[in-house]
Amino acid sequence: MEQSNLTKITQQPSYDAVYVQPMREELTTVGCKELLTPEDVDKALDRNDDKTILVVINSVCGCSAGSGRPGVMMALQNSIIPDELYTLFGGMEKDAIDWYRNKYLANHHTSSPHIALFRNGEPVAIFKRSDIDGHTAESIASQLVTIFNNECSNTGPSISAKDFENITQGKYGCYTDLGKDKN
């Protein structure tokens, strides 16, 4: 893509915006900011400041709903989280997703859903659909927490435990510090 074409929206969304809004809110209510344009993607990722950046490609599919989004939400209750949190929605922000995949993940298989941790514009860890589908939310959260504990230094959680419980209506319990040994 040429830089001059970044501001034009060339691909129409696949889903009704009203339909996907509740799925968007699951991630935005825990602190993820939406990347809606290729420019947004570059502002988030085209940098060299050693910050850790989580990017989640959200999706309408069952594995995103059943384990992807809940796993990310639970992992963000950890005491160590990425510096910045972002999300794009598969089938909606098609230009932004194409830009993200082609510029930042050109050498990687990408999917929807998808979870990646970046540092200095390069992926540090990637979860593709096959790493999400068929896995529990708790398993994904635990793996993410291990990565956060090893790669990140920002203080978590992304929202308070009380807010997390209110937002999730208690369906995920409290998962603060999933990666710690419970001896």
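The values are calculated or read from the model by the stated rules, or taken from the named source; none is laboratory data. Because the structure is predicted, anything quoted here is derived from the model rather than measured. In this analysis, Cβ positions are derived from the backbone assuming ideal geometry, glycine residues included, and neighbour counts consider all displayed protein chains. Side chains are part of the model used for accessible areas, which takes the heavy atoms of the whole protein and leaves out ligands, DNA and RNA. Shrake-Rupley method; radii C 1.70, N 1.55, O 1.52, S 1.80 Å.
Percent relative contact order of region 1-154, based on C-alpha pairs within less than 8 angstrom and at least six residues apart?
Computed over region 1-154, the figure is 32 percent.
For Asp83 and Ser130 in one chain, what is 0.36 nm times their gap in residues minus the Cα-Cα distance, to one decimal in nm?
Between Asp83 and Ser130, full extension yields 14.3 nm more.
Per residue, how many Å² of accessible area does region 36-154 show with a 1.4 Å probe?
About 36 Å² of surface per residue is accessible.
Whenever you get a sec, line up Glu122, Glu26, Glu34 from highest to lowest accessible area (probe 1.4 Å, protein heavy atoms).
Result, largest first: Glu122, Glu34, Glu26.
Taking a label point 7 Å from the Cα of Asp163 along the Cα→Cβ vector, which residues of region 63-93 have an amide N closer than 12 Å to it?
77
So what's the net charge close to Thr110: Lys and Arg +1, Asp and Glu -1, counting the other residues with Cβ under 11 Å from its Cβ?
Charge balance in the 11 Å sphere: +2.
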